[in-house]
Amino acid sequence: MTEFLTDVVQPVNLPATILFGLVMLYWLMVIFGTVGLEMFDFDMDLDADGVDIGGGGGFLHGLLQFFHLGEVPVTIFGSIFAVLYWAGTILGNHYFNSEWSIAVGVLVFLSCFVASLLATKLIIMPVAPMFRKSSEVDEDFKRLVGQLAVVSTGEVTDAFGEVAIQQDGPPLVLNARCHGARLPKGEVVEL
């Protein structure tokens with residue numbers, strides 16, 4: 001155990017250890033409810049027109065799509081990457097850099113960085129469609145905001161009710177709740 005702890009805090013392993021520690025701290029804060037899952041998630045709407053490689057966006061856009069970083073939350077991608085990168089750096093330096101040489105450490109550092117990025121992509125690839133579908137559903141719900149609907153149940157209260165949105169084909173029926181006054185059947189409401 002002492003050898004492992006010594007390896008973890010070696011200067012050649014320290015950047016990966018710090019990254020891993022930050023990721024672990026983040027997930028502990030999520031578990032204890034100190035922060036929300038969305039704390040470090042952000043939309044990546046970046047433009048790299050100067051480095052256009054053709055086909056619907058610049059180089060940066062293509063790189064983000066390659067790693068599924070518009071579909072999968074950054075926190076999940078970063079967490080998987082940090083674990084793989086940390087483990088690879090610790091093992092790589094333990095087996096290939098027992099002298100703790102900075103030059104070999106940099107080589108291990110860079111090779112583990114690239115290998116961890118590619119391994120993270122392979123791990124995320126099967127689950128990326130699930131995140132894509134949930135974001136598409138969110139967009140559908142956002143499209144409904146501001147539309148008019150008709151109360152279709154006897155009334156809508158703070159505990160029960162449904163509204164129907166007229167559209168081509170059958171109406172879209174949604175569960176609804178209102179705070180305060182009760183809404184009678186047939187009342188037109190804005191979502």
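Read-outs: derived from the displayed coordinates by stated rules, not from any lab. The shown structure was predicted, so the numbers you read here are calculated from the model rather than taken from an experiment. Virtual Cβ from ideal backbone geometry, glycine too; neighbours counted across all protein chains shown.
Rounded to the nearest 0.05, what FRET efficiency do Glu190 and Asp158 have when you use their Cβ-Cβ distance and R0 = 22 Å? With a Förster radius of 22 Å, E is 0.80. In this structure the amide hydrogen of Val156, modeled in the peptide plane, comes within under 5 Å of the amide hydrogens of Leu183, none closer than 5 places in sequence on its chain.
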